[in-house]
1. If you go through the range 214-263, how many residues are in a helix (DSSP H, G or I) and either touching a strand residue (DSSP E or B) at 6+ places or on another chain (Cβ under 9 Å) or not acidic (Asp, Glu) (or both)?
2. Which residues, counting only those in the range 254-288, are without any contact (Cβ under 8 Å) to a residue 60 or more places away in the chain and not charged (D, E, K, R)?
3. Of the numbered conditions (1) part of a helix (DSSP H, G or I); (2) over 22 Å from residue 173 (Cβ atoms); (3) free of Cβ contacts under 8 Å to residues at least 40 places away in the same chain; (4) aliphatic (A, V, I, L, M), residue 105 fails exactly one; give the number of that condition.
4. For residue 284, indicate whether it is at pLDDT 95 or above, touching a Phe, Trp or Tyr at 6+ places or on another chain (Cβ under 9 Å) and under 24 Å from residue 89 (Cβ atoms).
5. Could you run through the range 95-127 and say how many residues are touching a Ser or Thr at 6+ places or on another chain (Cβ under 8 Å) and either more than 27 Å from residue 198 (Cβ to Cβ) or of a type in the set (Phe, Trp, Tyr) (or both)?
6. Kindly establish whether residue 61 is in contact with a Leu (Cβ under 7 Å, 6 or more places away or on another chain) and either crowded, with 18+ Cβ neighbours inside 10 Å or not acidic (Asp, Glu) (or both).
7. Could you identify the single residue in 78, 119 that is among the polar types (S, T, N, Q), over 30 Å from residue 267 (Cα atoms) and in a helix (DSSP H, G or I)?
8. Filter the range 107-126 down to the residues that are surrounded by 13 or more Cβ atoms within 10 Å (Cβ to Cβ) and of a type in the set (S, T, N, Q), then identify the one that is modelled with the highest pLDDT.
Amino acid sequence: MMSHSSSSTSVSGFYNFLTREVNNLDHLFLSHNFMSVKFLQHVLSSLRSFHSQLTALVHKLHLPVGEKWLDEYMDESSRLWEACLILKSAVSSLENYYLTGANIASLLDDHPVLNVQLSRQVIRSINGCQREIIALQEDNKSIAQTRMRTLCLGFDENNVLAESEFNKYNGFRGVLYAMRKVSTLLLSILLSGLVYYLPEISFSQGSFEGNSGFSPAFVVSASTLHQRVMDAMNCMEGQQGILLYELQSAKFAMDDLKVDIESILEYESVVDIHDKVENLKSCFGVLKFGAESIIGQLDDFFDEIVEGRKQLLDICSHK
């Protein structure tokens, strides 16, 4: 069995790692567009890092076989898995939307001069695309209402770990609890950005304070990030839906283009739409690239979760 001082060093190192990652996310929050793909990619990367570091910590702590720590680890990794399945499904569902938007931009590229017939065809395509994203958001809202509460139980104020429990299993239970708390905040950000933001559910969870087993630096860092996200959400004045910045930009670009084409039909006027077509093409291209990048990250995370579970099961079976 590893010595208590060595175990303490490993646990302290894990808290220090969590604190650094959360501080980094806080800085990135200030330097990126709110709920942008780049910021959400950083959030997802941190979530993956927390999981991999937790798995590595088990190797250092030499935990006893047949104890509850393994069940608790498996429960948390299962929660991450379920949340990521929902995230991947939601992001994958955007494919038809961004492909349709790209096709509209391509059609307009091929026909720089719009006649009445072509203008009506484009308007029909835009209307169909807009109906599609409305339907998608309604589906996502239903998923958020039924699944988000269960996926975020780790942040429940009533689920506070007793101080005497923090040091159990050489401190593993405390760090698992800390990771569950901060992972819930990160999952709430990802679910709000990529699935659906519901003010009454997404960030109504309890704070990090009041848990004396946490390191003070971790409490400060996590509470700061939590409050920063809460403040940003409060500034949205009741907005709901998929908050992904690139999706909002694509929707605005399409709405803007639609206004010009409708004016062509209504007034039989000549309007230069070149710049707006280029903007539409750019916005949907960025959305497509971002969605595919996040799906790639999620697939890698699935592999890491499987490998982490296998490693810990192998440790226990070898012992």
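1. The first filter runs over the range 214-263 and keeps only residues in a helix (DSSP H, G or I), leaving 216-234, 245-263.
Restricting the remaining residues to those that are either touching a strand residue (DSSP E or B) at 6+ places or on another chain (Cβ under 9 Å) or not acidic (Asp, Glu) (or both) gives 216-230, 232-234, 245, 247-254, 257-259, 261, 263.
Residues meeting the conditions: 32.
2. Result: 259, 263, 267, 269, 270, 271, 279, 282.
3. Just one mismatch for residue 105, condition (3).
4. yes
5. Restricting attention to the range 95-127, the residues satisfying the condition of being touching a Ser or Thr at 6+ places or on another chain (Cβ under 8 Å) are 100, 103-104, 107, 125.
So of that shortlist, the ones also either more than 27 Å from residue 198 (Cβ to Cβ) or of a type in the set (Phe, Trp, Tyr) (or both) come out as 103-104, 107, 125.
So the count comes out to 4.
6. Numbers: in contact with a Leu (Cβ under 7 Å, 6 or more places away or on another chain): no; either crowded, with 18+ Cβ neighbours inside 10 Å or not acidic (Asp, Glu) (or both): yes.
No; evaluated as a whole, the condition is false for this residue.
7. On the way: 119 fails: over 30 Å from residue 267 (Cα atoms).
Testing whether each residue is among the polar types (S, T, N, Q), over 30 Å from residue 267 (Cα atoms) and in a helix (DSSP H, G or I) leaves just 78.
8. 125
The values are calculated or read from the model by the stated rules, or taken from the named source; none is laboratory data. Keep in mind the model is a prediction, meaning the values are calculated, not measured. Quick reminder, even Gly has a Cβ in these numbers, built from the backbone with ideal geometry, and neighbours come from all protein chains shown.
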